[in-house]
Amino acid sequence: QVQLAESGGGLVQPGGSLRLSCAASRSIVSKLAAWYRQAPGKEREFLARIIPSGATDYADSVKGRFTISRASAKNTVYLQMNSLKPEDTAVYCCYLRNWMGDYWGQGTQVTVSS
């Protein structure tokens with residue numbers, strides 16, 4: 001079992017930035033990690049992933065604005081979000097995959113509004 005805890009969400013103005021953190025209860029070394037979001041009335045949306053090699057990829061909607069990274073020594077995955085737009089408002093969730101299964105965090109609310 002792996003437990004994930006997101007933090008860093010909140011209210012931000014359009015054009016502003018937030019950095020989300022996902023703290024894992026076990027090592028993230030050699031594991032795939034990703035971020036997703038879901039807005040009311042919409043499907044869950046993939047945002048970004050990082051694989052064990054360190055390679056990353058992003059959804060077109062956030063490419064160039066969001067950056068996924070990890071600090072393996074801290075068992076933590078990050079999502080840096082810049083140039084935020086009102087349409088980025090959603091609950092953001094961390095995801096981790098290992099050989100035993102898939103794990104999700106509880107989610108953190110991000111609201112972009114003037």
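Nothing in this text is a laboratory measurement; each read-out follows from the coordinates by a stated rule. All figures in this text were calculated on a predicted structure; none of them were measured in a lab. With ideal geometry, Cβ positions are generated from the backbone for all residues, glycine too; neighbour counts draw on all protein chains shown.
Summary table
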read-out	value
Relative contact order (%) - the chain, alpha-carbon pairs under 8 angstrom, separation at least six	37
Residue of 27, 83, 53 that the Gaussian network model of the chain assigns the largest fluctuation, springs spanning Cα pairs under 10 Å	53
Virtual spin-label span in nm between residue 55 and residue 87, 7 Å along Cα→Cβ	2.9
Lysine-lysine proximity count for the chain, Cα under 20 Å, sequence distance 8 or more or distinct chains	4
Sparse-neighbourhood loop sites, chymotrypsin sites (Phe, Trp or Tyr not before Pro) in the stretch 36-114 - DSSP loop, at most 13 other Cβ within 10 angstrom	99
Neighbour net charge for residue 109 - beta-carbon separation under 11 angstrom, K R +1, D E -1	0
Counted charge near residue 80, where neighbours are those whose Cβ lies closer than 10 Å (Asp, Glu -1; Lys, Arg +1)	+2
